[in-house]
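As structure tokens, the structure follows; a few thoughts come after it.
Taken together, the values in this text are just the output of simple stated rules run on the coordinates, not laboratory data. As the structure is a computational prediction, the values presented were derived from the model and not from experiment. Using ideal geometry, Cβ is built from the backbone for each residue, glycine included, and neighbour counts are taken over all protein chains shown.
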Amino acid sequence: MNFDDLKINDDIKSAIGRLGFDKLTPIQNKAIPDALNGRDIIGQAQTGSGKTLAFAIPVLNKIFVPDKSPQAIILCPTRELCIQVADEIKKLSRDMDKVTVLAVYGGQAIGRQIRVLNKGVHIVVGTPGRVIDHIERGTLDLIGVETVVLDEADEMLDMGFREDIELILRHTPKQRQTLLFSATMPDEIKKITKLYQNSPKFIKISDTKKTIPKIRQFYFKSDDRDKIDDLCRIIEYYDFNLWLIFCNTRRRVDFVYRNLKRNGFKVDSIHGDMTQKVRDKVMNKFRNGNISILVASDIAARGIDVSEVEVVVNYDIPQNPEDYIHRIGRTARAGESGYAFNIVAAYESHDLVKIRKKFNINIKNKEVPSYSQIERKKNKKILDEVKGLIENNDLDDYVNVIASSKMDSIEIAAALLKMMREK
């Protein structure tokens, strides 16, 4: 189905067109028509499947602009995901007249959020803790909410938000529409759907390869003590612009960050123990290209959506196979291709086998590049640039300089190559 086939506001269609979307993804194709008709939805789909549009389009299509009280609330597990979802909805609504979207989360001054809420907001995107804070202060009234969205519901439950979610749901009208999206479907989520949804349609997009088709996946065998050296060699050889590296613990994040920085790479790190201000600063550096490598823990990376990420590296193999899919889904965004590299110590081999079997994915073995391979590749890169200059530029003046120098031209070229490599 194409987006033009949907029975939605023309202003939303025009925004979708400008964003470059044409055909619906599987989760969008199955969820949007029923959601537009007011039905409750349970959507099980992985990161990168297009689920944000699957709930954002029905939410926006229902908004009555003259009513400036909250008509929809979207709950997300982390601040980063809140910001990402709110930004997507703003892009979809930019042709609609004066639709207001507000992200509310901890770590930002609550006074600013209160001022915007007092002026009138149509859609609130928030973390459970900050939403409850506003409810208790009397600055957020959910009596007029027609749609509730629980995004990445399994993550919210893993982070201990179940009681918060239920409290928020009890503050919304019983006749609301509830859309729930989750990568996994544990028993706790099933209990919530029974208590708070009305005859929901269950949609499962189970073929992971369909949702992340353009990610080429490889693993490199390594001893744990050699991992950091092997990682440095991999980064030097493959020469991507933006790298996202995952570790299983905060301590490992700090270790990898320190060692990459010591080796001269443009790197920073992000993990859950950092203040929100520090995390925001790091993310801005990564989005703006001021650093080329971000080392992250799983929780801190929730909601990271930087479309230019070319490769995800699992420095540690996640023990939960679902986390693997969440991680590698940070590359190959918006239809682009991407790579996933796994650096595997012997004790992690079983975890990688579990991932391969569960999702039936082909992760090919590669050798860690040798130092001589890295040197050859760096030399070739410079020589390719030289070849391009020869083919596309007027070099007559420079040719005359070399000719008049009375030095051997091959030795001159070799000396210049040495200067470029050692500067």
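General remarks:
- Qualifying GluC sites (Glu not before Pro) for segment 347-423 [loop in DSSP, other Cβ within 10 Å: at most 14]: GLU367
- When the alpha carbon gyration tensor of segment 215-270 is reduced to an equivalent ellipsoid, the three semi-axes, largest first, read 17, 14, 13 Å.
- Put simply, the amide H of TYR219, placed in the peptide plane, has neighbours under 5 Å in ASN342, LYS364, ASN365, LYS366, leaving out anything fewer than 5 places away on its chain.
- The shape of segment 247-299 comes out oblate: with a ≥ b ≥ c from the C-alpha gyration tensor, a/c is at least 1.5 while a/b does not beat b/c.
- Shape call, segment 1-88: gyration tensor on alpha carbons, a/c limit 1.5: rounded
- Using a cutoff of 8 angstrom between alpha carbon atoms and counting only pairs six or more residues apart, the relative contact order for segment 209-371 works out to 38 percent.
- Helical runs (DSSP H, four residues minimum) scored at -39500 (n - 2.57) apiece and divided by the length of the chain put the mean residue ellipticity at 222 nm at -14000 deg cm²/dmol.
- Here the dipole of segment 209-371 is about 320 debye; that uses its Cα centre as origin and unit charges on the Cβ of Lys and Arg (positive) and Asp and Glu (negative).
- Summarised in one figure, the compactness ratio Rg/Rh of segment 281-354, Cα atoms and Kirkwood Rh, is 0.98.
- Taken one residue at a time, the phi angles of segment 284-299 give Karplus couplings (6.51, -1.76, 1.60, θ = phi - 60°) of 5, 4, 5, 5, 7, x, 6, 10, 9, 10, 10, 9, 9, 8, 4, 5 Hz. Gly and Pro are set to x.
- Taking a ≥ b ≥ c as the square roots of the eigenvalues of the alpha carbon gyration tensor, segment 51-119 is oblate, as a/c is not under 1.5 and a/b does not beat b/c.
- Translational D in µm²/s for segment 209-371 (Stokes-Einstein at 4 °C, 1.567 mPa s, Kirkwood Rh from C-alpha pairs): 82 µm²/s
- Dipole of the chain, positive direction: furthest Cα of ILE73, GLY43, LEU167, with charges on the beta-carbon: LEU167
- Put a plus charge on the Cβ of each Lys and Arg, a minus charge on the Cβ of each Asp and Glu, and nothing anywhere else: the dipole of the chain about its Cα centre is then about 460 debye.
- When LYS13, LYS30, LYS119 are arranged by Cβ crowding within 10 Å, least crowded first, meaning fewest neighbours, the order is LYS119, LYS13, LYS30.
- Dipole size of segment 281-392 about its Cα centre, with +1 on Lys/Arg Cβ and -1 on Asp/Glu Cβ: approximately 60 debye, rounded to the nearest 20.
- Restricting the calculation to Cα atoms, segment 346-386 shows an Rg/Rh of 1.29 when the hydrodynamic-style radius is the Kirkwood one.
- Debye-formula intensities of segment 3-206, expressed as log10 I(q)/I(0) at q = 0.11, 0.13, 0.17 Å⁻¹, are -0.45, -0.65, -1.17 (one equal scatterer per alpha-carbon, no solvent).
- For the chain: span of alpha carbons on each principal axis (Å, largest first): 87, 52, 43
- Out-of-range pairs (alpha-carbon distance over 32 Å; input LYS227/LYS285; LYS204/LYS285; LYS281/LYS366; LYS13/LYS201; LYS227/LYS281): LYS204/LYS285; LYS281/LYS366
- Segment 128-143 and segment 41-97: distance between their alpha carbon centers, rounded to Å: 19 Å
- Degrees separating the helix 371-392 axis from the principal Cα axis of the chain, which is the longest one: 90 degrees
- Ranked by how many other Cβ atoms sit within 10 Å of their own Cβ, fewest first, the residues HIS271, HIS134 fall in the order HIS134, HIS271.
- Exposure proxy ranking, count of Cβ atoms within 10 Å, fewest first, for THR331, THR52: THR52, THR331
- Between ILE402 and ASP239, the contour length at 0.36 nm per residue exceeds the alpha carbon distance by 55.5 nm.
- Dipole of segment 322-423 computed with +1 at Lys/Arg Cβ and -1 at Asp/Glu Cβ about the Cα centre; of GLY329, VAL401, GLN373, farthest Cα towards the positive end is GLY329.
- Segment 130-213: translational diffusion in µm²/s, Stokes-Einstein, Kirkwood Rh over Cα pairs, 37 °C, 0.692 mPa s: 232 µm²/s
- Sequence-distant residues sharing a close amide H with VAL295 (under 5 Å, placed H): ILE245, ASP268, SER269, ILE270
- Take every Cα pair under 8 Å whose residues are at least 6 apart in sequence, average their separation, divide by the length of the chain, and the relative contact order is 16 percent.
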